[in-house]
Amino acid sequence: MSYELGQGTGPLRGVKVVEIAGIGPGPHACMTLADLGADVIRVERPGGQLLAGGPHNLLNRGRPSVALDLKRPEAIATVLDLVRDADLLVEGMRPGVAERLGLGPEQCHEVNPRLVYGRMTGWGQEGPLAQAAGHDMNYISVAGALHGLGQDKGRPHFPANLVGDFGGGSTYLVIGLLAALLEARGSGTGQVVDAAIVDGTAHLNTMTAAFLAAGGYKEERAANLLDGGVPYYDLYETADGRHMSVGALEPQFYDLFVELLGIAESAPDRFDPERVEELRTLIAERFRTRTQAEWVEVFEGTDACVAGIIPISEAAEHPHLAARGTYVVRDDMLQPAPAPRFSRTHATLTTPPTATPGADTREALTAWGVADVEGLIAGGAAVQA
């Protein structure tokens, strides 16, 4: 494919990012930067890596794939050439690996003192577990978040890898990168961003920490205001085996909820601790009398704070999301549109995920101004798939 810089239209247009390819939160962060207009060049090992490639991996959209053999000094020199003119670098290796390769912060800052160097790990760069392997559920376990997740009193339930990898991980990496970039634009000096999933997940959990400090939080599942401990903030099955979410916390919203549900006259006092399960049973039985579609027709658009629970394959067709264009079909794939939105520098999708690691090596390195790209390919330091 033909590749050139400056295809993005979002507010990060003109920002240049070197991505040392990894999996999970690093690619999600770099996808976000590319969605918002940055020029991101993805440096992959020849042949790619587990879960990292393929034409349907949307985490890799918006940026070219360059295959470099980082065991070769010419490849390391090529990455440093890219760094020389970059604003940001993102890597997700275990602490110390980048330094051993010759791509650590000190080596990169020698060629570009303005560079913001982003490090994405689960445990962080320091601490007793820094060198240990782990995955999303391990990090959120130790951070104190997984213990309270789910409505099953007998065991916690993990929400795929949304809370750790993408909530506490890539989101905080992007926040850190942009904050440090803003500071570097004023000071002229870059710095290292240590984005650890344990740190970000703990930060996401600030409200729970506040409840705990105030004595209003029980460290057990389905026992608190927002975890299913009350029947007016819970999930209920409908007649067709689907479900509704109920979040009628405020008095005026609750009053409307029980009215539209048809139990206003029979519902017990919702603040009576002795009748909590009675109220929950009444709500559950009522929801099972109609299908999800029928209840959606009753509640949607009202202030009762009730919504049908639908899978991602149906979300794009929801009238509200369809009106906003929250999901788009691009390159024959349903995918989320860039977020958030901007009034002037609208973000747009650019290139699809690269089908093969290294498919853009020649074009991307040339566009970034790397000298003797053909020599690098001929010598094996770079691979054009």
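The values are calculated or read from the model by the stated rules, or taken from the named source; none is laboratory data. Bear in mind the structure is a predicted one, so any value in this text is a computation, not a measurement. Cβ sites come from the backbone with ideal geometry, for glycine too, and all protein chains shown count toward neighbours.
Worth pointing out:
- Criterion applied to Gly308, Gly301, Gly262 was being touching a residue at least 60 places away in the same chain (Cβ under 8 Å) and of a type in the set (Gly, Ala, Ser), and the one residue passing it is Gly308.
- Among the candidates Gly186, Gly215, Gly200, Gly190, residue that is within 25 Å of Val18 (Cα to Cα), among the small types (Gly, Ala, Ser) and part of a loop (DSSP other than H, G, I, E, B): Gly190
- Checking segment 338-347 against the condition returns no match, with no residue being in contact with a strand residue (DSSP E or B) (Cβ under 9 Å, 6 or more places away or on another chain) and either buried (at least 16 other Cβ atoms within 10 Å of the Cβ) or not polar (S, T, N, Q) (or both).
- Options Ala371, Ala322: the member that is surrounded by fewer than 13 Cβ atoms within 10 Å (Cβ to Cβ), assigned by TED's automatic domain parsing to the domain that holds Ala21 and either at negative phi or aromatic (Phe, Trp, Tyr) (or both): Ala371
- Considered as a group, the residues in segment 223-268 that are hydrophobic (A, V, I, L, M, F, W, C) and in a strand (DSSP E or B) include one that is nearest to Ala304 (Cα to Cα), and that residue is Val246.
- Single unsatisfied condition, Ala77 versus (1) in contact with a helix residue (DSSP H, G or I) (Cβ under 8 Å, 6 or more places away or on another chain); (2) modelled with pLDDT of 95 or more: (1)
- Only one entry in Thr189, Thr171 is surrounded by fewer than 16 Cβ atoms within 10 Å (Cβ to Cβ) and within 30 Å of Leu36 (Cα to Cα), namely Thr189.
- Which listed residue is part of a loop (DSSP other than H, G, I, E, B), over 20 Å from Val193 (Cβ atoms), assigned by TED's automatic domain parsing to the domain that holds Gly200 and more than 20 Å from the chain's Cα centre (by Cα), from Leu70, Leu5: Leu70
- Residues of segment 107-166 that are closer than 25 Å to Val79 by Cβ and acidic (Asp, Glu): Glu110, Glu126, Asp165.
- As a summary of the residue check, Ala160 satisfies the conditions (1) exposed (fewer than 15 other Cβ atoms within 10 Å of the Cβ); (2) assigned to a helix (DSSP H, G or I) except for the one numbered (2).
- Looking at Ala364, Ala355, Ala264, just one residue is modelled with pLDDT under 95, of a type in the set (A, V, I, L, M, F, W, C) and either closer than 30 Å to Ile41 by Cα or out of contact with any Leu (no Cβ under 7 Å at 6 or more places or on another chain) (or both), and that residue is Ala355.
- Selection within segment 209-222 - within 29 Å of Gly122 (Cα to Cα) and surrounded by fewer than 19 Cβ atoms within 10 Å (Cβ to Cβ): Ala209, Ala210, Phe211, Leu212, Ala213, Lys218, Glu219, Glu220, Ala222
- The criterion of at least 1 residues that are over 28 Å from Ser65 (Cα atoms) is met, among helices (runs of 4 or more DSSP H) falling completely within segment 299-385, by 312-315, 319-324.
- Among the residues of segment 8-30, those identified as of a type in the set (Gly, Ala, Ser) and part of a loop (DSSP other than H, G, I, E, B) are Gly8, Gly10, Gly14, Ala21, Gly22, Gly24.
- Test result for Gly167, more than 18 Å from His203 (Cα to Cα), in the same structural domain as Val40 (by TED's automatic domain parsing) and modelled with pLDDT of 95 or more: no
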